[in-house]
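The values are calculated or read from the model by the stated rules, or taken from the named source; none is laboratory data. The shown structure was predicted, so the numbers you read here are calculated from the model rather than taken from an experiment. Note that each Cβ is placed from the backbone with ideal geometry, even for glycine, and that neighbours are counted across all protein chains shown.
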């Protein structure tokens, strides 16, 4: 069974890599989405890297502060976030002559965030131990705006399942708000049309 799983995984990765190489900037390519975007968060501080995969789809990872609340309690502090972002309103923003530079659009997608007790600013989770860790698995809705000088705001709210080996598991919500500066070169500020 493991061999079959490995073969299927290899074939799907190979097919995805071939599709990515064959995309062009016209049609299905990365027309509005930034291919690489590295952001230094000023409030927190923290970092985020976002990789444009397809026309409206990106993957991102970051280490920034966030707020989580579920049945066990709340935590406010640093977390490691991974996201798949589907940006759904690039075209509407372009039609309204709004900025799309730096992935300035709204998104939805699956999310995972991991919180560790030593890097929390405050919490009310009392597990009897000095250290705890828990993970958030769910969906988020967010918006990202980057101005032409590179200053960026990213805000998202999510709901999902919280899992932990040392704490009780449950469901609840997550809020993530970051202000930063995009350190990588952004695409042209003038919209391009087919």
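If the condition is being surrounded by fewer than 21 Cβ atoms within 10 Å (Cβ to Cβ) and either modelled with pLDDT of 95 or more or part of a loop (DSSP other than H, G, I, E, B) (or both), then region 87-101 contributes 88, 89, 96, 97, 98, 99, 101.
Per-residue answers, yes or no, for (1) within 20 Å of residue 109 (Cα to Cα); (2) modelled with pLDDT under 95; (3) not in a strand (DSSP E or B):
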residue	(1), (2), (3)
144	yes, yes, no
153	yes, yes, no
157	yes, no, no
165	no, yes, yes
168	no, yes, yes
174	yes, no, no
177	yes, yes, no
184	no, yes, yes
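Could you please find all residues in region 138-168 being more than 21 Å from residue 103 (Cβ to Cβ) and free of Cβ contacts under 8 Å to residues at least 24 places away in the same chain? Break it down into steps so the answer makes sense when it comes.
Taking region 138-168 and keeping what is more than 21 Å from residue 103 (Cβ to Cβ), we get 138, 159-168.
Listed by number, the list holds a single entry, 159.
Of all residues in region 31-46, those satisfying the criterion of being within 19 Å of residue 114 (Cβ to Cβ) and crowded, with 16+ Cβ neighbours inside 10 Å are 41, 44, 46. Restricting 133, 105, 79 to those that are assigned by TED's automatic domain parsing to the domain that holds residue 36 and in contact with a helix residue (DSSP H, G or I) (Cβ under 8 Å, 6 or more places away or on another chain) reduces the list to 105.
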